[in-house]
1. Can you give the convex hull volume of the alpha carbon atoms of region 98-161 per residue, in Å³?
2. Using only alpha carbon pairs under 8 Å that are at least six residues apart, calculate the relative contact order of region 446-579 and give it in whole percent.
3. Can you give me the distance in nm between label points at residue 115 and residue 375, each placed 7 Å from the Cα along the Cα-to-Cβ direction?
4. Which order results if 44, 548, 171 are arranged by neighbouring Cβ count within 10 Å, fewest first?
5. Given 0.36 nm per residue, what is the gain on full extension from residue 566 to residue 323 after removing their alpha carbon distance, in nm?
6. Return 475, 511, 51 ranked ascending by Cβ neighbour count within 10 Å, so the fewest neighbours appear first.
7. State, in angstrom, two size descriptors of region 130-204 derived from its alpha carbons: Rg to one decimal place and Dmax to the nearest whole number.
8. Specify whether the C-alpha gyration tensor of region 2-387 places it in the rounded, prolate or oblate class, a ≥ b ≥ c being the square roots of the eigenvalues: rounded for a/c under 1.5, otherwise prolate if a/b is larger than b/c and oblate if not.
C-alpha cells in the first residue's frame, strides 16, 4: 500500500480521483443531499460535540431528541460514524462536514478495495476494481437518496474483511480489528459481515481443504467481538429498557421490502422501487462479470466464495427466502433485504476487474479502460444526481437543524424510547422542571394530538420557585422551594441510568405515560441532583474490551518478535552463504 501514496501512485490514481470528484460534484454544486437518514446522523454529530464541550468524553444521552427530553441514542448506535462526524464538525464549518465525511469514506473505500484486489490481481486491475466499487449504483443511492452515512462508512471495512478472511498469509489480528471496526460502525452491516465471513470461509475451506481458514475466522471473530464489547454489551443488555422492536414495525419489516413489493405506503414504495431497480441492474452486471471471471479459471480462493455469496444475496432479495430471515438470529433487524447490495457492489467490482487480462496493459489499453470507467461513472452519477439527490427544505437544511437542536429539539427515535413510555405525549417547549400536585398531571393525550406545544395546566402546577443551578446533557441540578409536598417532573426521559437524589437521598421514581422523569419532593426547600451514571453493563463492556485489547497487543508483540527472529535467521543464512 505504500506505493499508493507515492507521487507515482497519485498519478496512477488519477482515474479514481476523477471518480471521487464526480461523485462529490453534486454535493458541492447543489449542497448537501438531505436523504432519509441525513438528519439522524447530523443530529448525532452535533450532540457529541455538545458532550465534548461539557467535558463528557463518552456520550450516552442525546438531549435534543424528544423535544429536549432526550434519548439514549449513543448507547445503541455504534460510535465510529458519530465520532468521525463530530471530529470533522469541530474542525470545520458544519456546512462542509457532510461532504468531507463522504470524501473520507470514498478515499477509505478505494484504499481498502485496492488492497484487497491487489492480493489476487495485477495492480492496474486492482485500481479498476477500486474505482468500480465507489461508483456502483448502490453506493450512489446510499449517498444521495438515503443519507445512510454509517452504512456508507461500513463499506470501507468490507473489502478488508474478505482480504483477511481468505488470504494465505496469517491475519488473525488484522481480521479481529476489521470485525471490531464493522461492529463499531453500523449494526446491520456488522450482522451482514458476520454471516458473510462464515459463508466465504466455509466455502473456501471446503473447496481448497484449508481448514485453518475456519480456525482463523473463529479466532478473529472472538477477538474482534471482544474488542467491540465496549459497545456491544450495553447495546444488547439495555435493549430491555427500550422499545427496540419498534425498529421493525410496519414498513420496516423484511416482508415489506422484498424486490418490487407493494405495501400501500407511498413513500416506502417509491424508495423500494428505486432500490429494486438498482438491485436488478446490479444483479445483471454481476452475473455478466461472474461469467467472464469464471472463464479465466483463476483465483478459486476468491472466485468460489464470492460466487456463492452472490447467489445467496440474490436469493435473499425475494420472498422465497422469508424463512431464512425469520429463523436466522438478528437478520430481521436489517429491515431491508436490499441492504445486501452493499456487498453485491463489492462482488461486482471484483469480478469485473478480475475478468480483465492479467498481462501488463499497453498505454492504449490503459486509456481505453480509463475511458470506459469514466463513461460508466458519468452515466451512473448523472442518473443518481437526477433521481436520488434530495433537496433540503427550510426545515432540513443545516442551519435550521442547528437551530432546532438548540430549541425546541426534534422528534425522538421510536426504538430508543424507554419501555412503557409514549414519546408522542411529550409536549414541546416544556419547562425544564415542573412541580406538580400529582405525578401524572399536566399531561396530554397523544391520540388527540402528538407532541403539541405545552399549555400549562394551572390546576396541576404548584406555586413553587425553581432555580436551575446546572442543566447539562448528563448532569442537572436545581433548587426548589415548594409550599407543600409535590412531584418534580423533569424535561428528561426516565431511564435506569439516571441517578436521582433529593436532598442527597435517592428518590423513588413515579411512572408517567409520557415517560418523563418524575419523583416526589417535600415541602420547603429541596435540592435536586440528577446524573447519568455508567451502569454495571457499561463497566462490563469496558472491562472485556480492555482485556481483549491487552490480548491483541500481546499477540501482536509475539508475532512481531517472531518476525524479527525469522528475518535475523534469513540474514544470517545469507551472510554464511556469501562467505
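1. Enclosed volume per residue, from the Cα hull, is 69 Å³.
2. Answer for region 446-579 is 21 percent.
3. Simple spin-label model gives 3.4 nm for this pair.
4. 171, 548, 44
5. Value of the extension gain: 82.4 nm.
6. 511, 475, 51
7. Looking at region 130-204, its Cα Rg and Dmax stand at 13.0, 40 Å.
8. Rounded shape, in that the Cα axes give a/c under 1.5.
Every number in this text was worked out from the coordinates using simple rules, so none of it is lab data. Note that this is a predicted model, so its numbers are computed, not measured. Positions of Cβ are backbone-derived with ideal geometry, glycine not excepted, and every protein chain shown enters the neighbour counts.
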